[in-house]
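Nothing in this text is a laboratory measurement; each read-out follows from the coordinates by a stated rule. Everything numeric in this text was worked out from a predicted model, so none of it was measured. For neighbour counting, all protein chains shown are included, and Cβ atoms are generated from backbone atoms with ideal geometry for every residue, glycine included.
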Amino acid sequence: MTDAELIEFAADFREGILDGRSSAWKCAMVSWPLAALLRIIGIECECVESDLGHCNHIWIELADGRALDATADQFNHFSDCDFPPVYLGKPTIIHVKVAA
């Protein structure tokens, strides 16, 4: 699956779960089943958690270390960030894993 296809797949999944609602506070609701589906179709990934101080955040880490975050846009109104609805790329300030 190409990066563009992965983003489109995650965006379609996100829309199916959110059904037009905001992504705010819905990261686990979207990320956990999305990661399970990705693993079923052969994409190695795992859900990880960030502690952002005022809240935690669940997102998907791909086998190559990139973040796939289908609710990244929820942080745009908390900061100067301009995340797309589905973020795919190098982990950012919202993608710092909680130490095990």
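At a glance:
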| item | result |
| --- | --- |
| Pairs with Cβ under 6 Å, 6+ apart, first in the range 55-71 and polar (S, T, N, Q), second surrounded by fewer than 20 Cβ atoms within 10 Å (Cβ to Cβ) | Asn56/Glu49; Thr71/Lys26 |
| Qualifying residue in the range 16-28 (condition: more than 20 Å from Pro91 (Cα to Cα) and either surrounded by 14 or more Cβ atoms within 10 Å (Cβ to Cβ) or touching a Ser or Thr at 6+ places or on another chain (Cβ under 7 Å) (or both)) | yes |
| Every residue from the range 25-43 that is part of a loop (DSSP other than H, G, I, E, B) and closer than 25 Å to His77 by Cβ | Trp25, Lys26 |
